[in-house]
1. How do the pairs read when you match residues in region 148-175 that are more than 18 Å from residue 51 (Cβ to Cβ) with residues anywhere that are within 7 Å of the ligand (Cβ to nearest atom) and assigned to a helix (DSSP H, G or I), using Cβ under 7 Å and keeping only pairs 6 or more apart or on different chains?
2. What's the number of the condition residue 119 fails, among (1) part of a helix (DSSP H, G or I); (2) in contact with a helix residue (DSSP H, G or I) (Cβ under 8 Å, 6 or more places away or on another chain); (3) away from the ligand (no atom under 15 Å from the Cβ)?
3. Quick one: in region 123-150, of everything that is among the hydrophobic types (A, V, I, L, M, F, W, C) and loosely packed, with under 15 Cβ neighbours inside 10 Å, which residue is farthest from residue 90 (Cα to Cα)?
4. Name the one entry in 109, 97 that is within 30 Å of residue 21 (Cβ to Cβ) and more than 11 Å from the ligand (Cβ to nearest atom).
5. Determine whether residue 120 is touching a residue at least 40 places away in the same chain (Cβ under 8 Å) and either surrounded by 19 or more Cβ atoms within 10 Å (Cβ to Cβ) or touching a strand residue (DSSP E or B) at 6+ places or on another chain (Cβ under 7 Å) (or both).
6. Quick one: would you say residue 153 is assigned to a helix (DSSP H, G or I), at pLDDT 95 or above, away from the ligand (no atom under 13 Å from the Cβ) and at negative phi?
Amino acid sequence: MDWLFHMTELLRTTHLVEFSLWVSDWPFALWLQSHFYAIPAFQTIHILSIAVLFGSTLLLNFRVLGINGTDQNLEAAYRRYRPWMWSALLVLVASGVILLISEPVRNMVNSVFWIKMTLLLIAVVGSLWFQRSLRGRLDTWDVSPSGHASLRTGAIFLTILWCLVIAGGRWIAYAPN
Ligand code: HEM
């Protein structure tokens, strides 16, 4: 994992160092650091939102793959799970930014954090594309359930991608530095 170490070294040569040091002095950052319950509380919100985002994504993707929920049509599953997923993502972004502010240097000058952000961007763009394609096929889906191979592949790919984002989040604490 030398490359992770080198990536962190590279981050140390950027303006991220000054920027993160500047953020550390924000009153809100100082407030977060001086209240012992604050960081664990936002971490808990972050983790609960992961459960909602991943749970709703998994249930929709399993429906696409025909693994569960087949007693309801795809449109019902799509309308049920989609709002949960995007609302949870909003809470994740908000709580994630707060966690970032709580320990700016540790998180911003951290290779794994940026890998997680890149994977997250791919997962969000991929999910938008996936759901858009799904919307266009809701009418015909249950008529020809064996088709739509690209969307089934997309469901598997996105499930793996979200797992990698979750692993990346947990791994931030163990990035080589
Ligand atoms: C812009 C969005 C996000 C930002 C800025 C962000 C930022 C952070 C930060 C700073 C931490 C704390 C790391 C540490 O102190 O060790 C964290 C933890 C974590 N994040 Fe995120 N995050 C975001 C979105 C997400 C998403 C969408 C997921 C998963 C679907 C996720 C999964 C995790 C996990 C699993 C942890 C570890 C929690 C723990 O063990 O306490 N994050 N995130």
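The values are calculated or read from the model by the stated rules, or taken from the named source; none is laboratory data. Quantities reported herein were computed from a predicted structural model and do not represent experimental measurements. Don't worry about glycine lacking a Cβ; one is built from the backbone with ideal geometry, like all the others, and counts go over all protein chains shown.
1. From residues that are more than 18 Å from residue 51 (Cβ to Cβ), the pairs are 172/107; 172/113; 172/116.
2. Unmet for residue 119, out of (1) part of a helix (DSSP H, G or I); (2) in contact with a helix residue (DSSP H, G or I) (Cβ under 8 Å, 6 or more places away or on another chain); (3) away from the ligand (no atom under 15 Å from the Cβ): (3).
3. From region 123-150, those among the hydrophobic types (A, V, I, L, M, F, W, C) are 123-125, 128-130, 134, 138, 141, 143, 149; that's our starting set.
When the remaining residues are screened for being loosely packed, with under 15 Cβ neighbours inside 10 Å, the result is 125, 128-129, 143, 149.
Numbers: 125: 15, 128: 14, 129: 18, 143: 34, 149: 30 Å.
If we take residues in region 123-150 being among the hydrophobic types (A, V, I, L, M, F, W, C) and loosely packed, with under 15 Cβ neighbours inside 10 Å, then 143 is farthest from residue 90 (Cα to Cα).
4. Working: 97 fails: more than 11 Å from the ligand (Cβ to nearest atom).
Step by step, each of 109, 97 is checked, and only 109 is within 30 Å of residue 21 (Cβ to Cβ) and more than 11 Å from the ligand (Cβ to nearest atom).
5. Values: touching a residue at least 40 places away in the same chain (Cβ under 8 Å): yes; either surrounded by 19 or more Cβ atoms within 10 Å (Cβ to Cβ) or touching a strand residue (DSSP E or B) at 6+ places or on another chain (Cβ under 7 Å) (or both): yes.
So residue 120 fits the description; yes.
6. Values: assigned to a helix (DSSP H, G or I): yes; at pLDDT 95 or above: yes; away from the ligand (no atom under 13 Å from the Cβ): yes; at negative phi: yes.
Yes, satisfied.
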